[in-house]
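What follows is a short report on a single structure.
Nothing in this text is a laboratory measurement; each read-out follows from the coordinates by a stated rule. Being a predicted model, the structure only gives us computed values, none of them experimental. Don't worry about glycine lacking a Cβ; one is built from the backbone with ideal geometry, like all the others, and counts go over all protein chains shown.
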Amino acid sequence: MNIHDERNQTMIFTRFLSAFHNIKLYGSTHNVSEKSLIELKDTIDSILQENDEFTLVFRGWHVYFCGERVKISSANFSYIMQLIDLFQGKNTGGIKISKGFTIQEISLFMELLTKENITIDEITQKLTESGCISIVVIPLFVQPTELLDPRKRVKQVYFETINLVKNLATQSNLQRSTYTKFTVGVLYLIDTLKTSESLLLGLTVVKNYDDFLYNHSVNTAILSLSLGVRIGLKSKELLRLGQSAILHDIGMINVPRHILKKESLLSDEEWRIVKTHPISGVQIVLDLMGLSEETAPILITVIEHQKGYDGTGYPEFIKNQKISLYARIIQIADFYDAVTTPRFYNPIPMSPAEAIAYLIRYSGQLFDPIISKHFINILGIYPLGSLVFLSTGEWGLVIGQPQDPSTLHKPLVLIIKDSDGKDIDHKMIDLSQSEIEIMKADSPWKYGIDPAEYLI
């Protein structure tokens with residue numbers, strides 16, 4: 001068997017997971033489990049005919065199959081993630097199988113792997129006690145706390161996605177491999193959002209003057225995907241939504257940099273150039289993805305994302321008042337992140353609370369009313385990163401939302417300054433469990449406060 005072939009690698013992963021899940025569900029003696037074990041053993045035996053050992057090793061998010069790092073693709077992504085979670089969840093770095101192993105040995109190993117709260121030492125001890133010498137469990141190469149720390153993992157996904165967008169936007173010749181990496185990156189983002197939504201949403205407070213396009217694209221994608229999950233979009237629909245959101249402003253790379261960095265209002269001609277970015281974006285997406293039934297919704301979204309719910313906006317030649325669902329979602333996320341981000345022409349943006357108030361005011365006109373309602377429920381009346389002034393006189397930053405929707409006006413707050421505006425030791429207060437009230441909310445940038453310094 002050619003171990004370098006992606007299809008063969010994927011077959012190994014699927015057969016390994018199939019045996020594991022069948023044993024977990026039916027036990028090792030069930031005929032379904034026995035069949036999957038035989039298929040797995042036959043596959044490993046065919047590899048051992050050409051290799052001294054069969055090894056499957058995990059280092060962080062990297063997978064090494066028989067000593068070679070596996071290239072992650074949209075085809076094998078979900079299987080690799082399942083294997084990583086399975087092995088690292090047991091504080092285990094992988095497995096090594098030698099020639100001459102028996103089906104009883106691989107069955108025992110699988111049985112041990114299905115047990116809750118079992119440690120690598122216990123797995124090793126059980127294998128040794130049974131006389132199994134052909135299967136060796138490999139320890140983690142890094143500390144499990146480093147791998148399983150959700151904050152570190154979420155940050156890694158966030159900043160890797162920004163780099164992915166940056167590489168996409170600055171690459172002169174787009175290749176098919178670029179599209180594959182892009183797709184895998186979006187899948188990672190979706191997977192992370194489903195498991196760590198609040199942590200990922202918290203990272204949208206990261207703003208960057210110079211890399212606005214890249215940060216904004218990822219922030220818009222996170223906000224859009226959170227909306228997509230909330231309204232019940234399926235996995236394939238979330239992938240298309242995430243791709244559309246990351247690419248919605250890709251046409252901006254064709255807008256001259258001096259226009260994007262201009263510190264005063266744009267002239268009519270400069271504004272005309274900016275308004276061409278949805279059309280430029282469609283051309284770039286066509287180069288990246290081509291035209292097909294699957295890419296058509298993405299192309300439509302890219303060209304429609306600046307159209308309002310009531311049909312206003314641009315491009316003007318789009319006369320259809322009812323824009324696509326993805327475009328309606330992205331339009332709201334795009335608006336919110338853009339107006340709360342400092343820009344060269346507007347260093348003091350709207351506060352998150354002001355942006356939400358604007359969204360409420362124009363719901364049903366500029367913005368889809370149903371999607372707007374979901375968006376507000378996700379972010380709250382005082383979204384993450386809002387600077388709030390409390391009835392105690394203290395200054396705080398909103399760092400979390402209450403569980404009870406009826407107390408959206410009482411978020412989780414990190415106290416950062418006293419009533420005189422002086423720095424103090426930080427303390428956290430859950431206003432839903434306190435008599436303290438929010439007296440006013442404002443843009444943190446107005447006071448020289450970057451929320452990311454406190455929330456990241």
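Observations on the structure shown:
- Theoretical ellipticity at 222 nm over the chain - DSSP helices of four or more residues, -39500 (n - 2.57) apiece, nearest 500: -15500 deg cm²/dmol
- Rel. contact order, % - alpha carbon contacts under 8 angstrom, at least six apart, the range 387-455: 33 percent
- Diffusion of the range 6-144 by Stokes-Einstein, at 37 °C in a medium of 0.692 mPa s and with Rh set to the Kirkwood radius over alpha-carbon pairs, works out to 218 µm²/s.
- From the coordinates of this entry, log10 I(q)/I(0) by the Debye sum over Cα atoms at q = 0.08, 0.09, 0.12 Å⁻¹ is computed, and it appears in [x] -0.54, -0.68, -1.16; [y] -0.58, -0.71, -1.06; [z] -0.82, -0.90, -1.10 under the label [y].
- What the phi angles of the range 109-119 give under the Karplus curve with 6.51, -1.76 and 1.60, with θ = phi - 60°, is a coupling list of 4, 5, 4, 5, 5, 7, 6, 6, 6, 7, 9 Hz, glycine and proline written as x.
- Listed by Cβ neighbour count within 10 Å, with the fewest neighbours leading, Lys234, Lys152, Lys410 appear as Lys234, Lys152, Lys410.
- Take every pair of alpha-carbon atoms less than 8 Å apart whose residues are at least six positions apart; their mean separation over the length of the chain yields a relative contact order of 10 percent.
- Among the GluC sites (Glu not before Pro) in the range 1-88, those located in a DSSP loop and surrounded by at most 14 other Cβ atoms within 10 Å of their own Cβ are Glu50.
- Computed over neighbours whose Cβ is under 10 Å from that of Thr220, the net charge equals -3, Lys and Arg +1, Asp and Glu -1.
- Amide H contacts for Arg59 (H built 1.01 Å from N in the peptide plane; partners 5 or more residues away or on another chain; cut-off under 5 Å): Tyr64.
- Between the Cα long axis of helix 77-88 and the first principal axis of the chain there is an angle of about 70°, rounded to the nearest 10.
- Among the GluC sites (Glu not before Pro) found in the range 363-456, those both in a DSSP coil and sparsely packed, with 16 or fewer other Cβ atoms within 10 Å of their Cβ, are Glu435, Glu437.
- Taking every alpha-carbon pair in the range 186-343 and binning the separations at 5 Å intervals from zero gives 1, 9, 18, 22, 22, 15, 8, 3, 1, 0 percent.
- Counting Lys and Arg as +1 and Asp and Glu as -1 over every other residue whose Cβ lies under 9 Å from the Cβ of Gly393, the net charge comes to -3.
- Backbone amide hydrogens, once placed in the peptide plane, bring Ser134 within less than 5 Å of nothing, excluding anything fewer than 5 places away on its chain.
- Within the range 199-272, GluC sites (Glu not before Pro) in DSSP loop having at most 16 other beta-carbon neighbours inside 10 Å: Glu263
- All other residues whose Cβ lies under 15 angstrom from that of Gln49 are scored, Lys and Arg at +1 and Asp and Glu at -1, for a net of -3.
- Table column - 3J(HN,Hα) (Hz), the range 441-455, Karplus curve with 6.51, -1.76, 1.60, x for Gly and Pro: 10, 8, 6, x, 5, 4, 10, x, 9, 9, x, 4, 5, 9, 9
- When Rg and the Kirkwood Rh are both derived from Cα coordinates, the Rg/Rh ratio for the range 319-456 amounts to 1.01.
- 3J(HN,Hα) along the range 373-381: 4, 5, 4, 5, 5, 6, 8, x, 5 Hz, from the Karplus curve 6.51 cos²θ - 1.76 cosθ + 1.60 with θ = phi - 60°, whole Hz, x for Gly and Pro.
- Computed Kirkwood radius, in angstrom, where 1/r is averaged over Cα pairs of the range 399-443: 11.5 Å
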